[in-house]
Amino acid sequence: MRKNGMLVIGGSAGSLDVLLKVLPEVKRDLDFAIIIVIHRKQGTDSLLTDLLAHRTKLNVKEADEKERILNGTVYIAPSDYHLLIEKDFSFSLDYSEKVNYSRPSIDVTFQSAADAYGDNLVCMLLSGSNSDGVNGLITVRKNGGITIAQNPASAQVSYMPEQAILKANVSSVLNIEDMAAYINSLAKH
Amino acid sequence: MSNSGNISDEQVEILINDVLEHHGYDFTGYSRASLKRRLSRLYSLDKHVSFAEFRYKTLNDNVYFKHFVEGVTVNVTEMFRDPTFYRLLRDKILPSLNTYPFIRIWLAGCSTGEEAYSVAILLQELNLLHKSLIYATDINPTVLEKAALGMFPLSQMKSYSENYIASGGKKDFSSYYTANYTLAKFDSELKSKMIFSTHNLVSDRSFNEFQLILCRNVLIYFDRPLQFRVFQLFDQSLDNLGYLALGTKETIDFSPISPTYKRVGTDKVWRKVSA
């Protein structure tokens, strides 16, 4: 990934544990932004942001609409809105119909990130029990981005990464313990 | 050419331009990522054979154009969405309007009306409905027709009832509607104090003065310059000491009107403090 790129991580059931293991090992001065889209119940936003903020040296915040995306920051998709990426590298929120029974939908964020960042994008799909994110990965790959699935054998719920491997022809499959080193290697300095 | 369901950036701009020139609807200030997604969705849902056909119908077929506006704008809404916000309305904001002989409320972007009926229920429980008027407006005439019917899917009532209780509602929620096959028809008393009308926030002016304006989850689709213009429209339409209520993720902070507004509580409600 070149400078000012983006890493988007999507997940559902069983993905929070992965993030809590991986984020503490990610270095502080990343030259790209990290976006996290995970399915969860409505109204638990600040809890999730606080939980993740305590485990990492990176700045963690919930994404605000029209906010400019900064390198080295972890943005959490707010609950009950779709999170979209604009071509001027800012966020938009959208309260339209659920996609794959989900809002935020991982597909929606992956697809709009693919549109805005093209090949300067890495999208990663973690543990989960539905296939939200799989179509997004296909678009990301088509636009030249890198796609990664968690190794289903290491996932609490293997369906989501299995579907990614089966249908989206992912660039690579990672174990939890290799994710932080991979993310750190995406930084160019 | 097959329909891959995707509209390009150039095609988005072509449609925006067509719709402005031909129909007078101005989408130029809409956030592009969301608009592009809505257009692509409509293009593939309607199974157009080519972009040229989609464009032609949008330009020339007025019935289709109504459907186009409905499809492009987001019309997802619920009753008593964000119960803490409705609790604030119930406990603080609406009671403080009791001093006015007549209460005027503007619900901008009311969509199919779920919020209008929610507000009317609160007004009735606070014994304010008889001296209130709710102006419910939307860009889209089709959704206003639905709103005026006051019928919502019966399947939603369980979740609306939970929202109502979480917002401080004490009554049996089912006392507000009668079940009619798959629909819940709301008490026409509630509707008697609503006026439905088309209004385009982008191009139409202020049409009255209000003590409360609700515009929730509409501005997220607009870019910053358009948001600021709409805030000015609201400012012109709001009485001194009136309230402005926005969606959970929307704010007037950093906008030109923010110096004369004071935040009320932790939800997204501001009060106009000086004119």
Practice task
With label points built 7 Å along Cα→Cβ from the Cα atoms of A:ASN175 and B:SER203, find their separation and express it in nm.
Solution key: 6.2
Completion exercise
P(r) of segment A:5-186 over all Cα-Cα pairs, 10 Å bins starting at 0, rounded to whole percent, reads 11, 43, 41, 5
Exercise for the section: Would you tell me the mean number of C-beta atoms belonging to other protein chains that fall within 10 Å of each C-beta in B:80-89, as a whole number? Expected result: 1
Practice task
Return the percentage of antiparallel bridges among DSSP beta bridges fully within chain B, rounded to the nearest 5 %.
Solution key: 40
Exercise for the section: Could you give the size of the charge dipole of the protein assembly as shown about its Cα centre, using +1 on the Cβ of each K and R and -1 on the Cβ of each D and E, expressed in debye and rounded to the nearest 20? Expected result: 600
Practice task
State the Cα centre-to-centre distance between segment B:118-160 and segment B:93-114 in whole Å.
Solution key: 11
Exercise for the section: Rounded to the nearest 0.05, what FRET efficiency do B:PHE102 and A:LYS98 give with R0 = 45 Å and r taken as the Cβ-Cβ distance? Could you check? Expected result: 0.65
Exercise for the section: In nm, give the distance between the simple-model label positions of B:VAL76 and B:ALA166, each being 7 Å from the Cα along the Cα-to-Cβ direction. Expected result: 1.6
Practice task
Evaluate E = 1/(1 + (r/R0)^6) for B:TYR181 and A:PHE89, where r is the Cβ-Cβ distance and R0 equals 56 Å; express this FRET efficiency to the nearest 0.05.
Solution key: 0.70
Completion exercise
Counted neighbours (other Cβ, 10 Å), sorted fewest up, put B:TRP106, B:TRP270 in the order B:TRP270, B:TRP106
Exercise for the section: Compute the FRET efficiency between B:GLU21 and B:SER192 as 1/(1 + (r/R0)^6), taking r as their Cβ-Cβ distance and R0 = 41 Å, and round to the nearest 0.05. Expected result: 0.50
Practice task
Quick one: of B:LYS146/B:LYS170; A:LYS87/A:LYS142; A:LYS142/A:LYS167; A:LYS41/B:LYS158; B:LYS146/B:LYS191, which pairs are farther than 22 Å apart, Cα to Cα?
Solution key: B:LYS146/B:LYS170
Handout entry: Point-to-point label distance, B:VAL63-A:ASN71, nm (Cα→Cβ direction, 7 Å offset)
Key = 5.6
Problem - Cα centroid separation, segment B:226-275 to segment A:87-134 (Å) - result: 31
Exercise for the section: Indicate, rounded to the nearest 5 percent, the antiparallel portion of the DSSP beta bridges found entirely in the protein assembly as shown. Expected result: 30
Handout entry: P(r) histogram, all alpha-carbon pairs of chain B included - 10 Å bins from 0, percent
Key = 6, 28, 32, 22, 10, 1, 0
Handout entry: Longest to shortest principal axis, alpha-carbon extents of the protein assembly as shown, angstrom
Key = 67, 52, 49
Exercise for the section: Work out the mean other chain Cβ neighbour count within 10 Å for the residues of A:89-100 and drop it here as an integer. Expected result: 6
Problem - Ranked B:GLU10, A:GLU65, criterion: other C-beta atoms within 10 Å, fewest first - result: B:GLU10, A:GLU65
Practice task
Mind sorting A:ASP88, A:ASP132 by how few other Cβ atoms lie within 10 Å of their own Cβ, fewest first?
Solution key: A:ASP88, A:ASP132
Practice task
For segment B:9-72, divide the Cα radius of gyration by the Kirkwood radius and give the resulting Rg/Rh value with two decimals.
Solution key: 0.91
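Each reported figure results from applying straightforward, stated rules to the coordinates on display, with no laboratory input. Fair warning: this is a prediction, and the values are worked out from it, not measured in the lab. For neighbour counting, all protein chains shown are included, and Cβ atoms are generated from backbone atoms with ideal geometry for every residue, glycine included.
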